[in-house]
Amino acid sequence: MTRSTAEPLRTCIGCRRTAARSELLRLVRDPEGAQRVIVDPRRRLPGRGAWLHPDGACLKQAVKRRAFQRAFRGPVDATPVDDYFGD
Ligand SMILES: [Zn+2]
């Protein structure tokens, strides 16, 4: 039996390309209940997640195609994600 080193693949909601989970940022709806999306750097927060390359270009694409709304089934504020990329 060979031990697989393959990681689960996830799709970036920006560029729609698949990548290993470790290459993507996990985004979740704020567990505090706000209608906003936050970055989950430790991938530990509960709830429905979405995945995005840590790349401003992917974020832009995701915003443009309203990928956040689709991933989180409703209008959400992605400002915290924007801030995360901000500096
Ligand atoms: Zn991407």
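The values are calculated or read from the model by the stated rules, or taken from the named source; none is laboratory data. As the structure is a computational prediction, the values presented were derived from the model and not from experiment. Reconstructed Cβ throughout: ideal geometry from the backbone, glycine too, with neighbour counts over all protein chains shown.
Tabulated results
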item	result
Number of positions in the range 18-56 that are free of Cβ contacts under 8 Å to residues at least 24 places away in the same chain and in a loop (DSSP other than H, G, I, E, B)	11
Positions within the range 1-17 being charged (D, E, K, R) and either at positive phi or not in a loop (DSSP other than H, G, I, E, B) (or both), in sequence order	Arg10, Arg16
Failed item in (1) at pLDDT below 90; (2) within 14 Å of the ligand (Cβ to nearest atom), with Leu9 passing the rest	(1)
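Per-residue answers, yes or no, for (1) modelled with pLDDT of 95 or more; (2) in contact with a strand residue (DSSP E or B) (Cβ under 9 Å, 6 or more places away or on another chain); (3) not acidic (Asp, Glu):
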{"position": "Arg3", "(1), (2), (3)": "no, no, yes"}
{"position": "Arg17", "(1), (2), (3)": "yes, yes, yes"}
{"position": "Leu24", "(1), (2), (3)": "yes, yes, yes"}
{"position": "Pro46", "(1), (2), (3)": "no, yes, yes"}
{"position": "Ala50", "(1), (2), (3)": "yes, yes, yes"}
{"position": "His53", "(1), (2), (3)": "yes, yes, yes"}
{"position": "Ala62", "(1), (2), (3)": "yes, yes, yes"}
{"position": "Phe72", "(1), (2), (3)": "no, yes, yes"}
{"position": "Asp87", "(1), (2), (3)": "no, no, no"}
